[in-house]
Amino acid sequence: MSKDRPAPEAPQPLFPLVDAHTHLDACGASDAASVRKIVDRAAAVGVERVVTVADDLDAARFAVDAANWDARVYAAVAIHPTRANVLDDGTKAEIERLAGDPRVVAVGETGFDFYWPGKLDGCATVPEQEEGFRWHIDLAKRLGKTLMIHNRDADQALLDVLRAEGAPDTVVFHCFSSDAAMARECIDAGYVLSFSGTVSFKNAKALREAALLVPADQLIVETDAPFLTPHPFRGAPNEPYCLPYTVRALAEVRGEEPEALARASTVTAERVYGLRPVSG
């Protein structure tokens with residue numbers, strides 16, 4: 001993401017939408033007023049609700065606060081795989097406390113990141129990530145909440161651990177970026193695949209092939225803002241208001257009308273996260 005590129009202009013509205021995975025704190029929100037401004041921009045183009053996601057303890061605290069400040073915001077809390085080495089007893093206890101908040105709709109993002117170990121100072125090792133992942137799986141099952149997966153270069157390892165532990169009732173693969181073979185395995189297991197701006201990237205041929213396979217009731221959409229801004233704004237700052245760009249790109253890939261995809265993905269997001277449908 002380049003600070004030199006201006007933020008994208010607002011897209012044509014597309015109702016209704018749920019941004020199934022964003023990071024409001026990383027988008028610049030720090031208090032109730034700044035959360036409201038970001039969500040207002042999103043709501044103006046049809047993104048009426050957002051799930052703001054934590055990757056460390058401070059972000060988890062913020063996510064729960066944000067979800068209690070604004071009724072359009074929900075939270076997901078966990079420790080990111082690359083930070084799994086901080087999961088001592090105290091951190092686990094606080095994550096569990098935060099995850100029990102009624103505004104928290106998922107435990108995440110958790111899973112595996114095989115890209116960063118050895119490249120990023122302080123990054124959790126693969127065994128530390130696995131221990132953290134197993135703990136988060138257990139937490140999601142104990143709380144009866146959706147499990148939100150981060151996957152980078154770890155397809156088979158993730159599937160193996162989910163099988164070994166027994167997956168929660170609902171599992172979301174956030175920012176799905178794998179190929180058609182992985183998509184088929186996830187679909188057959190009943191997992192939900194969440195698509196971001198990456199589906200619009202010119203080099204994402206394998207991902208677009210995967211997107212064709214996903215049934216409507218296993219597909220949701222996200223921004224992962226401020227990252228992964230869709231084409232043609234790649235590299236510019238992302239925000240929840242940019243979600244219609246991704247939905248239109250995904251609809252073109254799937255040969256669907258954007259309005260139909262928006263409605264279907266919203267119905268699935270409502271089920272996945274236990275959200276009350278928006279009237280009208």
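The values are calculated or read from the model by the stated rules, or taken from the named source; none is laboratory data. Source: prediction; values computed, not measured. Ideal geometry is used to build each Cβ from the backbone, glycine not excepted, and the neighbour counts take in all protein chains shown. Please note that ligands, DNA and RNA were not included when accessible areas were found on the heavy atoms of the full protein model with its side chains. Shrake-Rupley method; radii C 1.70, N 1.55, O 1.52, S 1.80 Å.
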Looking at (1) farther than 28 Å from residue 25 by Cα; (2) of a type outside the set (Ser, Thr, Tyr); (3) more than 17 Å from the chain's Cα centre (by Cα); (4) modelled with pLDDT of 95 or more, which is the one condition that is false for residue 183?
(3)
Could you tell me whether residue 10 is farther than 25 Å from residue 148 by Cβ, at pLDDT 95 or above and touching a Phe, Trp or Tyr at 6+ places or on another chain (Cβ under 9 Å)?
yes
Would you confirm whether any residue within the stretch 121-136 is closer than 19 Å to residue 194 by Cβ and open to solvent by 10 Å² or more (accessible area, probe 1.4 Å)?
no
Taking the stretch 202-212, which residues are open to solvent by 60 Å² or more (accessible area, probe 1.4 Å) and assigned to a loop (DSSP other than H, G, I, E, B)?
202, 203, 212
Identify all residues within the stretch 213-228 that are open to solvent by 10 Å² or more (accessible area, probe 1.4 Å), of a type in the set (A, V, I, L, M) and not in a loop (DSSP other than H, G, I, E, B); write none if there are none.
216
Sort out which residues of the stretch 39-49 are over 17 Å from the mean Cα position of the chain (by Cα) and open to solvent by less than 40 Å² (accessible area, probe 1.4 Å), and write them in order of number.
43, 45, 46
Boolean, residue 188 is surrounded by fewer than 15 Cβ atoms within 10 Å (Cβ to Cβ), part of a helix (DSSP H, G or I), within 19 Å of the chain's Cα centre (by Cα) and at negative phi:
no
Long-range neighbours under 8 Å by Cβ, at least six apart or interchain, first residue in contact (Cβ under 8 Å) with a residue 40 or more places away in the chain and within 27 Å of residue 190 (Cα to Cα) within the stretch 212-238, second among the charged types (D, E, K, R) and open to solvent by 50 Å² or more (accessible area, probe 1.4 Å):
217/271
Just name the residue that is surrounded by the most Cβ atoms within 10 Å (Cβ to Cβ) out of those in the stretch 1-31 that are over 23 Å from residue 107 (Cα atoms) and among the hydrophobic types (A, V, I, L, M, F, W, C).
14
For residue 94, are the conditions met, namely being on the phi < 0 side of the Ramachandran plot and surrounded by 16 or more Cβ atoms within 10 Å (Cβ to Cβ)?
no
State the number of residues belonging to the stretch 242-270 that are open to solvent by 20 Å² or more (accessible area, probe 1.4 Å) and under 19 Å from the mean Cα position of the chain (by Cα).
7
Residue selected from the stretch 229-241 under the condition of a type outside the set (Ser, Thr, Tyr), farther than 16 Å from residue 177 by Cβ and at pLDDT 95 or above, by the criterion most open to solvent (accessible area, probe 1.4 Å)
232
Applying the selection to the stretch 1-34, what residues are within 28 Å of residue 68 (Cα to Cα) and charged (D, E, K, R)?
19, 25, 31
Look through the stretch 47-106, keep the residues that are among the hydrophobic types (A, V, I, L, M, F, W, C) and in contact (Cβ under 8 Å) with a residue 60 or more places away in the chain, and return whichever of them is nearest to residue 131 (Cα to Cα).
78
Condition first: of a type outside the set (Val, Ile, Thr), closer than 29 Å to residue 226 by Cβ, out of contact with any strand residue (DSSP E or B) (no Cβ under 9 Å at 6 or more places or on another chain) and modelled with pLDDT of 95 or more. Can you find one or more residues in the stretch 159-179 that meet it?
yes
From the options 61, 72, residue that is within 21 Å of residue 194 (Cα to Cα), of a type in the set (D, E, K, R) and open to solvent by 50 Å² or more (accessible area, probe 1.4 Å)
72
Residue 67 - would you say it is under 29 Å from residue 263 (Cβ atoms), at pLDDT 95 or above and in a loop (DSSP other than H, G, I, E, B)?
no
Of the listed residues (193, 275), the one being closer than 24 Å to residue 75 by Cα and in a loop (DSSP other than H, G, I, E, B) is 275
